[in-house]
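The structure under discussion appears below in the form of structure tokens.
FYI, it's all coordinate maths here, none of it is from the lab. In this text the structure is predicted, and so the values were computed from the model without any measurement. Don't worry about glycine lacking a Cβ; one is built from the backbone with ideal geometry, like all the others, and counts go over all protein chains shown.
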Amino acid sequence: MGLLDKLSGLLGLRKKEVHVLCLGLDNSGKTTIINKLKPSNAQSQDIVPTIGFSIEKFKSSSLSFTVFDMSGQGRYRNLWEHYYKEGQAIIFVIDSSDRLRMVVAKEELDTLLNHPDIKHRRIPILFFANKMDLRDAVTSVKVSQLLCLENIKDKPWHICASDAIKGEGLQEGVDWLQDQIQAAKT
Amino acid sequence: MLGRVTAPPPDATQEGGQRIPQWGFRGWLGKLRARNLRVRAYHRPGTIERCAAPGAGPVARTTSAKMAAASSSDSDSGRAESKEANSKWLDAHYDPVANIHTFSACLVLADLHGDGEHKLVVGDLGPSGQQPRLKVLKGPTVLTESPLPALPAAAATFLMEQHEPQAPALALASGPCVYVYKNLRPYFKFSLPPLPPNPLEQDLWHQAKEDRIDPLTLKEMLEGIREKAEVPLSVQSLRFLQLELSEMEAFVNQHKSKTIKRQTVITTMTTLKKNLSDEDAVSCLVLGCENKELLVLDPEAFTILAKMSLPSVPVFLEASGQFDVEFRLAAACRNGNIYILRRDSKHPKYCIELSAQPVGLVRVHKVLVVGSTEDSLHGFTHKVWLQQAPAPHSYLPSAQGPESPSGFLFPATPLSPLSPKPPQTPAVPCQGKKLWTVQMPAAILTMNLLDQRSRGLQAVMAGLANGEVRIYRDKALLNIIRAPDAVTSLCFGRYGREENTLIMTTRGGGLIIKILKRTAVFVEAGGEVGPPPAQATKLNVPRKTRLYVDQTLREREAGTAMHRAFQTDLYLLRLRTARAYVQALESSLSPMSMTAREPLKLHAVVQGLGPIFKLTLHLQNPSTARPALGLLICFLYNEALYALPQAFFKVPLLVPGLNYPLETFVESLSDKGISDIIKVLVLREGQSAPLLSAHINMPVSEGLAAA
Ligand SMILES: Nc1nc2c(ncn2[C@@H]2O[C@H](COP(=O)(O)OP(=O)(O)OP(=O)(O)O)[C@@H](O)[C@H]2O)c(=O)[nH]1
Ligand SMILES: [Mg+2]
């Protein structure tokens, strides 16, 4: 930790830490998105399917994010709920080109929203309709229709189309999330 | 799709196989245009026939119409839904007009490109079985589509070599060939070896070539051969027989110089591991053919590694084990038997006799589950019996032998005069042990295995004619899915990136894709099938007492004597009954006169409360023509109790068929509330024995108080 960091911490300028859960089916691009949000020198080159989960950190203009990048594989999905309590925000990633598994994504989302640790909290949820660059990808409007996002009434949510490989659409989403978290704090 | 073959494997041009330098379906199409229509009709009777039945049309049958109505009440969106409130399945996709017409054997899920994204391969019969196509689907959409030269019989994927990147090859059996694809590119075509043609037929065509016979005679002669069918006709002759008179001449001219070839067709196909049991081990193709043979092919060179004979045509195959080590093949055949073959035998080891034709065969662990045309599922042990098979020549017909090589297989059908003499003893020992049977509510159209690896569950899925798909673990019903149309093909496995996906296609050509919920657990639905719960509750059976044991011993020792004693008593009882009956007849104690000459019927009615009753006798002469004359009636009664105005009187002439009510008054004399019997005798003048008699139980007089 540099001297400057210490100083800004003492002065109360240190960025606030928030815990974020990154959820979504396997192969939706969660790890790729988190990787792209890290400073370019910290990005890893090849991304492999996550086993269990991994903890990543990145910063936005005013917040310091600690992300739980969960594995989306079926056998690890039951791990998710153990981290719901600690999470202050959720990033839910959807592979918009995987038409067949949209129902599975919806099922997992519904289970998440009905979990006692989530159900009665005003926790912000950011959706990435990822892989928008692919030919079979459906639009983010279609994704929100297929997942019935309009039924989420008691939580702030936002959906962004994204291309995690080029990094498109990611910043817009993170900015929204930062606003939500700061609005909740004040 | 139509690419060219790259580096040929070293020894691909061996027996039976032929390398195709210029690959293209058009070439095959030309060769195979001479398709045998009769063969097609026979091809897998249980499945194709049902799949391509006229019911394929949307409302062609009452059942499908009914089903449509049911499904619409089921869910508003018209999607296929399992009716339970919280279904175990997610509806991923439903396209009622996907135009896929196939059966389970022609559906495969495989990672064809080795990218972890599993594709669906469909050997499509085409609407009404006319335009066979090979389709590959990715998710809900068709990725590639190409025409096939003949109707597909089965599709399978297998690994050809151990050390390549793990993209499996795709094999599609169609007509007499297996088309092998790698990376979805045509790679190799295996053709069944030709069979010797019928010499008579050959001779006929030879004569036609030299213009010694005209097409009409040729037709007649060929028809004669076909009737006898000792050696079936070639495709060329069969096609000729279908032609109109006008087309014959041209056909003969075109074909007369060709040598006739006879080739059988593939009816079923499966895969068998070569020498390792690993998931990703090299596998051989196992083919079942119309000429009652099973062939095992080498995975790399496509040479025939083994050839086995069956007493009938195989239609479904199940394989387990490894070819080089030990394996078992179960072949369900058109004669309603399942034959089990092992590595060391060229002929079936033993057989399982079904009471009806098989419509599907699935192996679940060690149990063979068979669906039959009797709308039921049966479970059989898949245990191999270490018993010597009988000498093979005792039951093996020549490869082209008639359908019934041995009489015991078809006990009901008379053997044609051409059949070899049936052996006296069963050829293949019948030893499969039936474990259970479950009855289905409708005909079974198709079956397949549900293998849920994550939970180690293996179950059988059966698509029924009423639109249901039922899932059974042994005989316990786990789940029912109600599809909007009858499901004709089923397949469960990894599709796309989802492990537990169920693919169904319907009679109308629809495609339904369902995904098993991650949290879904199949539990046996209590009550609906299986033994009733009462059967499981333990009865409070008393302990075996000394007396019980003694009695059992005595019964065991003196069983014969006891049986005899019982029989004697039974005969005595019968004798006594007969005697009593005869006595009753002799003394005319019945209200019906039994003598043939004097049929009479009597019944009596007592009216009134007393002390005076009215007694009415209804006499009837049931004879058809003869009036009854000279009859007398006499009452016998206790004179201390009753008084009658006339105890004896004459009966008027009884006209046949009419009812004569004869009334008299009876006065009860007793004031103690006693009642008695009054006997009525019908007599013939001059005879002392009555014709018939009746006992009248007089009621107690209630008029006492009033009197
Ligand atoms: N074309 C395209 N590919 C993407 C995009 N985002 C991710 N991918 C690819 O999708 C694959 C899976 O990405 P991951 O980031 O590993 O997915 P994940 O959600 O972390 O998967 P798990 O860790 O298994 O849960 C990788 O091959 C990525 O290159 C995108 O926006 N467009
Ligand atoms: Mg990951």
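By the helix-only formula, in which each DSSP H run with n ≥ 4 contributes -39500 (n - 2.57) and the sum is divided by residues, chain A has a 222 nm mean residue ellipticity of -8500 deg cm²/dmol. Is the C-alpha gyration tensor of chain A telling us rounded, prolate or oblate? Criteria: a/c under 1.5 is rounded; beyond that, a/b larger than b/c is prolate, otherwise oblate. Prolate shape, in that a/c is at least 1.5 and a/b is the bigger ratio.
Database remark: amide H of A:TRP157 closer than 5 angstrom to the amide H of A:ILE125 (H placed geometrically; neighbours at sequence offset of 5 or more, or on other chains; Pro and chain starts carry no H). Assuming R0 = 35 Å, what is the FRET efficiency of B:ARG626 and B:ASN697, from their Cβ-Cβ distance, to the nearest 0.05? Between B:ARG626 and B:ASN697 the formula returns 0.60. Modelled this way, with points 7 Å down the Cα-to-C-beta line, the labels at B:THR144 and B:GLU249 are 4.7 nm from one another. The charge dipole of region B:153-305, taken about the Cα centre with unit charges on the Cβ atoms of Lys, Arg (+1) and Asp, Glu (-1), comes to about 160 debye, rounded to the nearest 20.
Amide H contacts of B:CYS284: B:LEU272, B:LYS273, B:LYS274, each under 5 Å away and 5 or more positions distant or on a separate chain (H built 1.01 Å from N in the peptide plane; Pro and chain starts excluded). Using a simple spin-label model with pseudo-atoms 7 Å out from Cα toward Cβ, B:ARG185 and B:SER454 lie 3.6 nm apart. Neighbour counts of other Cβ atoms within 10 Å put B:THR303, B:THR259, B:THR267 in the fewest-to-most order B:THR259, B:THR303, B:THR267.
Here's how it looks for B:LEU305: its modeled amide H is under 5 Å from those of B:VAL296, B:LEU297, B:ASP298, which are all 5 or more places away or on a different chain. Here the dipole of region A:82-186 is about 260 debye; that uses its Cα centre as origin and unit charges on the Cβ of Lys and Arg (positive) and Asp and Glu (negative). Around the Cα centre of region B:93-227, unit charges on the Cβ atoms of Lys, Arg, Asp and Glu (plus for the first two, minus for the last two) sum to a dipole of about 360 debye. Taking every alpha-carbon pair in region B:135-272 and binning the separations at 10 Å intervals from zero gives 10, 31, 24, 18, 13, 4, 0 percent.
Using a cutoff of 8 angstrom between alpha carbon atoms and counting only pairs six or more residues apart, the relative contact order for region A:1-153 works out to 25 percent.
Available extension along the chain between B:ALA584 and B:ASP278 is 101.6 nm, counting 0.36 nm per residue and deducting the alpha carbon span. Legend: calculated FRET efficiency, B:LEU669 to B:LEU636, from the Cβ-Cβ distance at R0 = 22 Å, rounded to 0.05, equals 0.85. Each 10 Å bin from zero holds the following percent of Cα-Cα pairs in region B:600-654: 18, 47, 25, 9, 0.
Note on A:LYS153 and B:GLU685: the model spin-label points, each 7 Å out from Cα along the C-beta direction, lie 10.6 nm apart. What the Kirkwood sum gives for region B:207-294 is a hydrodynamic radius of 16.0 Å, with every pair of different alpha carbons counted. Length gained on full extension, B:LYS346 to B:LYS228, computed as 0.36 nm times the residue gap minus the Cα-Cα distance: 39.6 nm. Legend: calculated FRET efficiency, A:SER60 to B:GLN166, from the Cβ-Cβ distance at R0 = 45 Å, rounded to 0.05, equals 0.60. List the residues of region B:458-482 whose backbone N lies under 19 Å from a point placed 7 Å from the Cα of B:THR381 along the Cα-to-Cβ direction. Output list for this probe position: B:474-475. Multiplying the residue separation of B:ARG494 and B:SER87 by 0.36 nm and removing their Cα-Cα distance gives an extension gain of 144.5 nm.
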